[in-house]
Amino acid sequence: MQAALIFLLQILYVPVLTIRTIFLVKNQTKAAAGVGLLEGAIYIVALGIVFQDLSNWWNIAAYVIGFSVGLLLGGAIEKKMALGYVTYNVNLLDKNSSLVSKLREAGFGVTVFEGEGMSSKRYRLEVVAKRSREEEFLELVSEIEPTAFLSSYELRSFKGGYLTNSMKKRWKKWNKKMKEQSTE
């Protein structure tokens, strides 16, 4: 019975640990502190049960396996939460005004740069998106410019720019348009 309790506590503990870590990385220290209270309580209870009898291999195995399963669950929760923003650099051989227009119409913030490659001009789009819309962005780019080279990084913070209200308005308009097209 103790092993089952330890396993369940670990399945709770590790996702809570993951969420706390995400909040810290996103500079949301108050939320991280609140989640940390729960994390600490779960940790002490589970570890306390394990340390009561270190010769009980079932408890130790439950702790270790529960930790591993908790990591899988924590990763899945993190993916669903998709907090924050991501910036994509989209490198193109040719200027693709159609792609730029579609991305902007869909509510993504797009800045276009022209550069010099080894033998010709190159174009780079810097696109900012909510992480929750990352898949949508990738599908749109793949559909319009399948040969694009993409690289990404997460934004920790930003101020001003296009991302404020106009991005939300364009996304709502785009979302409504896509729903209408799918019902036709």
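The values are calculated or read from the model by the stated rules, or taken from the named source; none is laboratory data. Computed from a predicted structure; not experimentally measured. Note: ideal-geometry Cβ built from the backbone for every residue, glycine included; neighbour counts use all protein chains shown. Just the protein is used for accessible areas: all its heavy atoms, side chains included, with ligands, DNA and RNA removed. Shrake-Rupley method; radii C 1.70, N 1.55, O 1.52, S 1.80 Å.
The single condition among (1) assigned to a helix (DSSP H, G or I); (2) buried (at least 16 other Cβ atoms within 10 Å of the Cβ) that L125 does not satisfy is (1). Evaluation of S166 against the conditions (1) out of contact with any helix residue (DSSP H, G or I) (no Cβ under 9 Å at 6 or more places or on another chain); (2) surrounded by 12 or more Cβ atoms within 10 Å (Cβ to Cβ); (3) among the hydroxyl-bearing types (S, T, Y); (4) modelled with pLDDT of 90 or more shows that the sole unmet condition is (4).
Of all the residues in the stretch 74-100, those that are open to solvent by 30 Å² or more (accessible area, probe 1.4 Å), part of a helix (DSSP H, G or I) and over 21 Å from K26 (Cα atoms) number 2.
Out of the residues in the stretch 17-39 that are assigned to a helix (DSSP H, G or I) and basic (K, R), which is nearest to V86 (Cα to Cα)? Full working, then the answer.
Here is the first cut: in the stretch 17-39, the residues assigned to a helix (DSSP H, G or I) are 17-25, 29-39.
Checking the rest, the ones that are also basic (K, R) come to 20, 30.
Numbers: R20: 20, K30: 23 Å.
The selected residue is R20.
Applying the condition of being assigned to a loop (DSSP other than H, G, I, E, B) and of a type in the set (S, T, N, Q) to the stretch 40-73 and asking which residue is most open to solvent (accessible area, probe 1.4 Å) yields S55. Within the stretch 128-143, the only residue that satisfies the criterion of being free of Cβ contacts under 8 Å to residues at least 40 places away in the same chain and small (G, A, S) is S142. Mind checking which residues of the stretch 122-145 are modelled with pLDDT of 90 or more and of a type in the set (S, T, N, Q)? Hit for the stretch 122-145 is S142, nothing else.
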